[in-house]
Each structure stands twice: as structure tokens, then as C-alpha cells.
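Have a look at the structure below before the remarks.
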Amino acid sequence: MSQAGTEVLGKQETFAYAHAEYIEVLEGIRAAVEKEEKYRWLMTAAQARIEVWRTNQYSARMEVRATQ
């Protein structure tokens with residue numbers, strides 16, 4: 001905003017929002033958030049698969065005990 005060359009706050013904001021460096025930073029933040037969300041959901045899916053496996057293993061053990 002300080003590079004806008006004007007004292008008017010509205011014009012400084014307009015300059016800053018349209019500036020290529022600001023847009024580049026926003027794109028970087030967007031990419032980082034997308035990557036973080038992707039890995040967060042992959043982790044959630046992996047945890048769900050582990051819970052299903054654990055439940056199946058428990059059920060199998062209970063079946064074996066019931067037939068003995």
C-alpha cells in the first residue's frame with residue numbers, strides 16, 4: 001500500500017489488491033491450503049480404514065472364541 005504513491009487509503013487498497021505481488025502471495029496461500037486440505041482428508045480416510053480393519057479383526061477373534 002505504501003508503494004501506491006497516494007495518501008488516499010482507498011486508492012492505496014485498490015493498488016495493493018491489484019498488485020502482482022499480492023496476487024502471487026494469494027495464489028501461494030491457495031495452493032498451500034489446497035495441499036493441506038488434501039492431506040488432511042487423506043489422513044481422515046486412512047484412519048477410517050484402520051478403524052474398519054480393527055473392527056473386522058475384533059469380530060474375527062470373537063467368532064473364533066465363540067466356536068471353541
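A short reminder: the numbers here are calculations on the coordinates, not readings from a lab. From a predicted model like this one, the values you see are computed outputs, not experimental measurements. FYI the Cβ positions are ideal-geometry reconstructions off the backbone, even for glycines, and counts take in every protein chain you see.
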Dipole in debye (nearest 20) - region 2-67, about Cα centre, beta carbon charges: Lys, Arg +1; Asp, Glu -1: 720 debye
Cα-based helix-to-principal-axis angle, 9-18 vs the chain, degrees rounded to 10: 50 degrees
Selection from 66, 33, 48 lying farthest towards where the dipole of region 2-67 points positive, charges on Cβ: 66
Relative compactness, the chain, computed as alpha-carbon Rg over 2.2 N^0.38 Å: 2.45
Degrees, to the nearest 10: 20-67 long Cα axis against longest axis of the chain: 10 degrees
